[in-house]
Amino acid sequence: MALPARLKAGPLLLRPPIAEDGAAVVAALSQPRVSRWLSRVPHPYGLADFTAWLGRADQAGGRWSIVEAGVCIGAIGLEAELGYWLTPAAQGRGIASRAAQAVQAAHFADPAAGPVQAGYFEGNAPSARVLAKLGFVETGRDLRRSLSLGVDLPHVVLRLTRADWAAAHPLVIDTARLRLAPLDADRDGAELARIGGQPDVARNMASLLSPWPEQAVRDWIARGAWQGCLGFRLGIWRAGRLIGSVGIGGTPVSVGYFLDPDHWGHGYATEAMQGLLGAVLPRFAPESVTADHFADNPASGAVLRKLGFRPIGQGHAASGARDGLHPNIRYDLDRSAFLRQHGDEGETA
């Protein structure tokens, strides 16, 4: 899957390099304190060097100018490996971390995306900190040519796996009253089993059992672990207490949720689903999202319709907590329509 041409990183915009960036790029890369940490940047660096780089960027993709308030303040790329630089005035403000996080999030949004390589010359402490924060792990050391200095320098080699990325960047969504965050089997398994194993909850879900055995709960949590792409479940917390779960994934993309009956009737299901969709739809951009509920569970239908889901048909489905097939109602949500109505309802931490 090709990486997006444009990415948002807080107040920053990452967009394809353009000719108008030339003056800012040449001014920055002409300074030895910038170019000395970049292996493939010559010194002196001139407009002809920028023009050649721009031509390669147009052909290859995976390269962005980092833009703040309309001004190019650096560049970042993800091709054979992750690389970036910033103007001296932009350094030390967390900009490299923010831009790199946006690029890595876009990379791992593809379920087929593999590990990412990166590296830095020894002594480049700021880059070491940025890469460690991203979750990169050192895999070795070598010598790499510094084109600007004309010598081989000690170089640290790093690698970022999907698991390390997900662990370093758990998806946390805060709404007005709730927090949605990854589940932990040791911490949350018993309480989740109690909630989901209640007959009034399990009978309305496809995959839950009543009672819900501990090992089945652990397997369910593991299958829905956050990995940086669609196909995950999050716990729903209210005032620090686990009250349910919400998830999204599959083909076609579908959503589902359940809540402890003690917390029904307070609008938490709508709030949790709205927060999830508001955070996930802009990030992963599925064209539509499906959902369904058993016909004898009209409360879920009310939640879905409130969010903008439209009924598209009826059928039958099974539940692990009751025998046979039971009538269900299927729904579809248009991504663009939801975002026009609700925007980004969940704030990701």
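The values are calculated or read from the model by the stated rules, or taken from the named source; none is laboratory data. Quick caveat: nothing in here was measured; it's all calculated off a predicted structure. Note that we place each Cβ from the backbone using ideal geometry, even for glycine, and neighbour counts take in every protein chain shown.
Does the stretch 309-321 contain at least one residue that is surrounded by 17 or more Cβ atoms within 10 Å (Cβ to Cβ), in contact with a strand residue (DSSP E or B) (Cβ under 8 Å, 6 or more places away or on another chain), modelled with pLDDT of 95 or more and not hydroxyl-bearing (Ser, Thr, Tyr)? Within the stretch 309-321, one or more residues are surrounded by 17 or more Cβ atoms within 10 Å (Cβ to Cβ), in contact with a strand residue (DSSP E or B) (Cβ under 8 Å, 6 or more places away or on another chain), modelled with pLDDT of 95 or more and not hydroxyl-bearing (Ser, Thr, Tyr).
Screening Ala216 against (1) touching a Leu at 6+ places or on another chain (Cβ under 7 Å); (2) over 27 Å from Phe108 (Cα atoms); (3) in contact (Cβ under 8 Å) with a residue 40 or more places away in the chain leaves a single unmet condition, (3). For the stretch 33-45, the set of residues classified as over 17 Å from Gly83 (Cα atoms) and surrounded by 13 or more Cβ atoms within 10 Å (Cβ to Cβ) consists of His43, Tyr45, listed by residue number.
Considering Gly250, Gly244, Gly224, which residue is out of contact with any Ser or Thr (no Cβ under 9 Å at 6 or more places or on another chain) and either in the same structural domain as Val303 (by TED's automatic domain parsing) or buried (at least 20 other Cβ atoms within 10 Å of the Cβ) (or both)? After ruling out the rest, the residue left standing is Gly244. Which of the residues belonging to the stretch 170-193 are touching a residue at least 40 places away in the same chain (Cβ under 8 Å) and either within 24 Å of Pro298 (Cβ to Cβ) or not hydrophobic (A, V, I, L, M, F, W, C) (or both)? Pro170, Asp174, Thr175, Arg177, Leu178, Arg179, Pro182, Asp188, Glu191 - these are the residues of the stretch 170-193 that are touching a residue at least 40 places away in the same chain (Cβ under 8 Å) and either within 24 Å of Pro298 (Cβ to Cβ) or not hydrophobic (A, V, I, L, M, F, W, C) (or both). Counting only residues that are within 22 Å of Gly275 (Cβ to Cβ) and loosely packed, with under 15 Cβ neighbours inside 10 Å, the stretch 171-213 holds 4 of them.
Each row is one residue, and each column tells you yes or no for (1) under 29 Å from Asp219 (Cβ atoms); (2) at pLDDT 95 or above; (3) surrounded by fewer than 17 Cβ atoms within 10 Å (Cβ to Cβ).
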| position | (1), (2), (3) |
| --- | --- |
| Leu86 | no, yes, no |
| Gln91 | no, yes, yes |
| Phe108 | yes, yes, no |
| Ala118 | no, yes, no |
| Thr139 | no, yes, yes |
| Leu143 | no, yes, yes |
| Asp152 | no, yes, yes |
| Val156 | no, yes, no |
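Take Ala167 and tell me if it is under 16 Å from Ser39 (Cα atoms), outside any strand (DSSP E or B) and free of Cβ contacts under 8 Å to residues at least 40 places away in the same chain. For Ala167, the condition - under 16 Å from Ser39 (Cα atoms), outside any strand (DSSP E or B) and free of Cβ contacts under 8 Å to residues at least 40 places away in the same chain - is not met.
Taking the listed residues Ala96, Ala23, the one that is closer than 30 Å to Val151 by Cα, without any contact (Cβ under 8 Å) to a residue 40 or more places away in the chain, touching a helix residue (DSSP H, G or I) at 6+ places or on another chain (Cβ under 7 Å) and of a type outside the set (Lys, Arg) is Ala96, with no other qualifying.
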